[in-house]
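To start, the structure under review is shown below, and the notes come after it.
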């Protein structure tokens, strides 16, 4: 859903007066197909988003924080080198088409930044004073040094027939821009929810298969142990007849004094063992039966409950009624009316606690064992950074990283601080936090949800820094 020419005309007419005369103080590239220009105007700082995404090409101001990659892409680095510090001379729509020209006076002289918001052909280009292409987002090197050509007039006039789809936000100074931002933010939230739902469904399907196998294995163990139901009786009968049994016998016939009719019963023996050894075997197998009855029965019942819960949640996803798990109830150990520690970041509703590092990287924190398991083995990718307070119960923490990227030092310390905060080390206010790539974290076999084994981990010592926690709080979501 890209902006139409009519919508671009409306937002340009609204923004041009505020941006003209300002200067570009920072450039960001939050996604591979969009840039943000931080423009300082008298008394105000505006952040202008230019998106060349094929299905969402647009421009508008952004008021909500965007996450940036740890290392700026090449196009962003070029813009920082050549456009930061440039004054904006004009912002205008070209020939009524879906193309916006931003005229600039840079330290190298006049240049133009062209936002061609033309759907699947969308692009961002830098032109010199003679309108020759210097650089573009699409890396179209064959265009470099060539004059930039605007689309023909008929194509431009055709785009003006669309009506604007956005209702201006009356409370905002930039009402059209705010309406566009709100619409796309809602769409991106919907897309993010759909991705989360898909990841959760995938996780549930795997968990259901695993739980079914586990329950079937328990039933098999129980059935196997059931063969030993009467072995205590056989052991007692052998005990009463030890003196009559010789090594090498394969059976022994004795009177069954457990039966009022006192019938004779034939008991199989291991010919390689003594009478005492056979008796011990029967008692040992009876203990297996007793243990299985005592432990496997409740385990199967609990497993069936968990299996049913997983199936119900998957059904709710399939029927479109699923909602992410809500935040758990406050700890019962906190007395009613006792305030939350002032330095602890707030945890809003939704799946996982969410923060943004000082470098703009997303940080996810599990709230409980189930969320820890879902975060680590559902949402996290193999190259993401995984953290946990060393040697103590606590939350799993994941930092989203691009493939091949290393975590910046400040982002590592931000995430480690959160891992310490949401662990049993919080009271001491300091401790070691281990970290590694998500791919080196494995589920602990036979353990409860959230239990893991970790390899190739490193350690960082952190303390709960009040200033850092306050900054993280302002960037929580």
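The values are calculated or read from the model by the stated rules, or taken from the named source; none is laboratory data. No experiment lies behind these values; they were computed from the predicted model shown. Virtual Cβ from ideal backbone geometry, glycine too; neighbours counted across all protein chains shown.
Values for this structure:
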item: Residue within segment 313-324 that is surrounded by 14 or more Cβ atoms within 10 Å (Cβ to Cβ), modelled with pLDDT of 90 or more and part of a loop (DSSP other than H, G, I, E, B) present; result: no
item: Single residue of 133, 100 found to be surrounded by 15 or more Cβ atoms within 10 Å (Cβ to Cβ) and free of Cβ contacts under 8 Å to residues at least 24 places away in the same chain; result: 133
item: Single residue of 12, 39 found to be touching a helix residue (DSSP H, G or I) at 6+ places or on another chain (Cβ under 7 Å) and assigned by TED's automatic domain parsing to the domain that holds residue 139; result: 39
item: Any hit, segment 400-413, residues being over 26 Å from residue 29 (Cβ atoms) and not in a strand (DSSP E or B); result: no
item: Pair list, Cβ < 6 Å and 6+ apart or interchain, from segment 221-232 residues that are within 11 Å of residue 282 (Cα to Cα) to residues that are surrounded by fewer than 17 Cβ atoms within 10 Å (Cβ to Cβ); result: 228/288
item: Filter result (at pLDDT 90 or above and over 30 Å from residue 446 (Cα atoms)) within segment 210-236; result: none
item: Test result for residue 351, at negative phi, modelled with pLDDT under 90 and out of contact with any strand residue (DSSP E or B) (no Cβ under 7 Å at 6 or more places or on another chain); result: yes
item: Subset of segment 133-164 (residues that are under 16 Å from residue 12 (Cβ atoms) and at pLDDT 75 or above); result: 150
item: Among (1) more than 21 Å from residue 66 (Cβ to Cβ); (2) out of contact with any helix residue (DSSP H, G or I) (no Cβ under 9 Å at 6 or more places or on another chain); (3) touching a residue at least 24 places away in the same chain (Cβ under 8 Å); (4) not in a helix (DSSP H, G or I), the one test that residue 434 misses; result: (2)
item: Any chance residue 249 is surrounded by 12 or more Cβ atoms within 10 Å (Cβ to Cβ) and assigned to a loop (DSSP other than H, G, I, E, B); result: yes
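Residue-by-condition table, conditions (1) more than 29 Å from the chain's Cα centre (by Cα); (2) in the same structural domain as residue 306 (by TED's automatic domain parsing); (3) on the phi > 0 side of the Ramachandran plot:
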{"position": "178", "(1), (2), (3)": "no, no, no"}
{"position": "182", "(1), (2), (3)": "no, no, no"}
{"position": "199", "(1), (2), (3)": "no, yes, no"}
{"position": "218", "(1), (2), (3)": "yes, yes, no"}
{"position": "223", "(1), (2), (3)": "yes, yes, no"}
{"position": "228", "(1), (2), (3)": "yes, yes, no"}
{"position": "234", "(1), (2), (3)": "yes, yes, no"}
{"position": "241", "(1), (2), (3)": "yes, yes, no"}
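Table: residues versus (1) under 16 Å from residue 460 (Cβ atoms); (2) at pLDDT 90 or above; (3) not assigned by TED's automatic domain parsing to the domain that holds residue 460.
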| residue | (1), (2), (3) |
| --- | --- |
| 369 | no, no, no |
| 375 | no, yes, no |
| 381 | no, yes, no |
| 391 | yes, no, no |
| 411 | yes, yes, no |
| 415 | yes, yes, no |
| 420 | yes, yes, no |
| 431 | yes, yes, no |
| 443 | no, no, no |
